[in-house]
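Below: one structure, written as structure tokens.
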Amino acid sequence: MHITQLNRECLLHLFSFLDKDSRKNLARTCTQFQDVFEDPALWPLLHFHSLTELKKDNFLLSPALRSLSICWHSSRVQVCSIEDWLKSAFQRSICSRHESLVNDFLLQVCDRCPNLASVTLSGCGHVTDDCLARLLLCCPRLRVLRLENCARITNRTLAAVAAHGRALQTLHVDFCRNVSASGLRLLLAACPRLVLRAEHSASMIPDQPPRGSLAPGPVLRKLLPR
């Protein structure tokens, strides 16, 4: 029996064992496989290990998506985590190539994936409070939100969780230096059943706007732990 003679269910099962690139390559071989590639049932899970993967066309966003993770482990994560006013021109040029990628991608997720149940973002230094607030609004079934080393996240995200995360059961905000202890206490008071984890976040040095000339101190040496 030739593979093209298999029924749709068998083909979906076979495709499910392939990574995103292999699925796309196989889909290019015939219209039958392209139809399988475009079946939302094939895409309940999406995992990305670099920001450049977000720009590829080897995946599908649809209401079938249930779990999304973007975990970027690169030396450039530390550059992204530096306050903008402390970055050199070279560091700003590095960030300019990808600083909007995650936010733009998540806005697409908001429009196309209302049934999302789990999101993990690690090393996404440019993701914003506004973007996560919209995600919570557009994905009312979101139960798990894990944030790690997301330097732009502040207490505004915690407030959005309290206001819009009605289905949220688990929240991690690890190594998010602009989340404060008071913000965490307010969230727990508003959502006592929420399983909350905030490793090192409230104990880290938050961003501090420049005041006159810069004096040597911990804020100049601040880099997030690996």
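The values are calculated or read from the model by the stated rules, or taken from the named source; none is laboratory data. All of these numbers come straight from a predicted model, not from anything done at the bench. Ideal geometry is used to build each Cβ from the backbone, glycine not excepted, and the neighbour counts take in all protein chains shown. For the accessible areas, the whole protein counts, side chains as well, though only heavy atoms, and no ligand, DNA or RNA atoms are used. Shrake-Rupley method; radii C 1.70, N 1.55, O 1.52, S 1.80 Å.
Kindly evaluate Glu9 against the criterion of being over 24 Å from Asn149 (Cβ atoms) and part of a helix (DSSP H, G or I).
Values: over 24 Å from Asn149 (Cβ atoms): yes; part of a helix (DSSP H, G or I): yes.
It is true that Glu9 is over 24 Å from Asn149 (Cβ atoms) and part of a helix (DSSP H, G or I).
Of the numbered conditions (1) buried (at least 16 other Cβ atoms within 10 Å of the Cβ); (2) at pLDDT below 95; (3) under 16 Å from the mean Cα position of the chain (by Cα), Ser100 fails exactly one; give the number of that condition.
(1)
Quick one: is Asp130 surrounded by fewer than 16 Cβ atoms within 10 Å (Cβ to Cβ), in contact with a helix residue (DSSP H, G or I) (Cβ under 9 Å, 6 or more places away or on another chain) and modelled with pLDDT of 95 or more? Don't jump to the end; show me each part of the working.
Numbers: surrounded by fewer than 16 Cβ atoms within 10 Å (Cβ to Cβ): yes; in contact with a helix residue (DSSP H, G or I) (Cβ under 9 Å, 6 or more places away or on another chain): yes; modelled with pLDDT of 95 or more: yes.
Against the criterion (surrounded by fewer than 16 Cβ atoms within 10 Å (Cβ to Cβ), in contact with a helix residue (DSSP H, G or I) (Cβ under 9 Å, 6 or more places away or on another chain) and modelled with pLDDT of 95 or more), Asp130 qualifies.
Go through the range 1-25 and count every residue that is surrounded by fewer than 12 Cβ atoms within 10 Å (Cβ to Cβ) and among the charged types (D, E, K, R).
2
Among all residue pairs at least 6 apart or on different chains, which show Cβ distances below 6 Å where the first residue, located in the range 17-39, is in a helix (DSSP H, G or I) and the second is among the basic types (Lys, Arg)?
Phe37/Arg23
Could you please give the count of residues in the range 134-192 that are of a type outside the set (S, T, N, Q), part of a loop (DSSP other than H, G, I, E, B) and open to solvent by 20 Å² or more (accessible area, probe 1.4 Å)?
First pass over the range 134-192, keeping only residues of a type outside the set (S, T, N, Q): 134-148, 150-153, 156, 158-168, 171-177, 179, 181, 183-192.
With part of a loop (DSSP other than H, G, I, E, B) added as a condition, the list becomes 139-143, 150-153, 165-168, 175-177, 179, 191-192.
Still in the running and open to solvent by 20 Å² or more (accessible area, probe 1.4 Å): 140-141, 143, 152, 166-167, 175, 191-192.
Matching residues across the range 134-192 total 9.
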